[in-house]
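Please treat every number below as a calculation from the coordinates, not as lab data. Quick caveat, the model's predicted, so the values are computed rather than measured. Glycine also receives a Cβ, built like all others from the backbone with ideal geometry; neighbour counts cover every protein chain displayed.
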Amino acid sequence: MKITVEISEKELIEIQLYSGEKRKGPAVRKLALESLQLKKRRAMSDKIMSGEWNIDFPASVGKQEDRSSW
C-alpha cells in the first residue's frame, strides 16, 4: 500500500541518516516499522511491570554452583 506523508526536508535527511537508507521511501518504511516494534515492546513491558502479565522461568537447579566458580 502506498501512502503520502508530509515530512520536512530536514526531518527526511535525519530519517535517512539514522535508518542507513539512501532512498526516501525505504528510509521512511524502516523508521515506521522500527517505531511499531518499539511500541509493541513498550506495551508488553508495561504489562509485565504492572503485573498484568508474568513470566515463569525454569528452575535454576545447579546454576548457583556454576556462578561461584567465576
Mind ranking 41-47, 26-32 by how tightly packed they are, going by the mean number of other C-beta atoms within 10 angstrom, highest first? 26-32, 41-47
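Starting from 0.36 nm per residue, how many nanometres of slack lie between A59 and I3 once their C-alpha separation is accounted for? Working shown, then result.
Working: separation 56, 0.36 × 56 = 20.16 nm, distance 4.94 nm.
Extra length available between A59 and I3 comes to 15.2 nm.
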Through the Karplus equation 6.51 cos²θ - 1.76 cosθ + 1.60, θ set to phi - 60°, convert the phi angles of the range 43-52 into ³J(HN,Hα) values in whole Hz; use x for Gly and Pro. 4, 5, 4, 4, 5, 5, 5, 7, x, 5
Whole-Hz Karplus ³J(HN,Hα) for the range 26-39, in order, using 6.51 cos²θ - 1.76 cosθ + 1.60 and θ = phi - 60°, x for Gly and Pro? x, 5, 5, 4, 4, 4, 5, 5, 5, 5, 4, 4, 5, 5
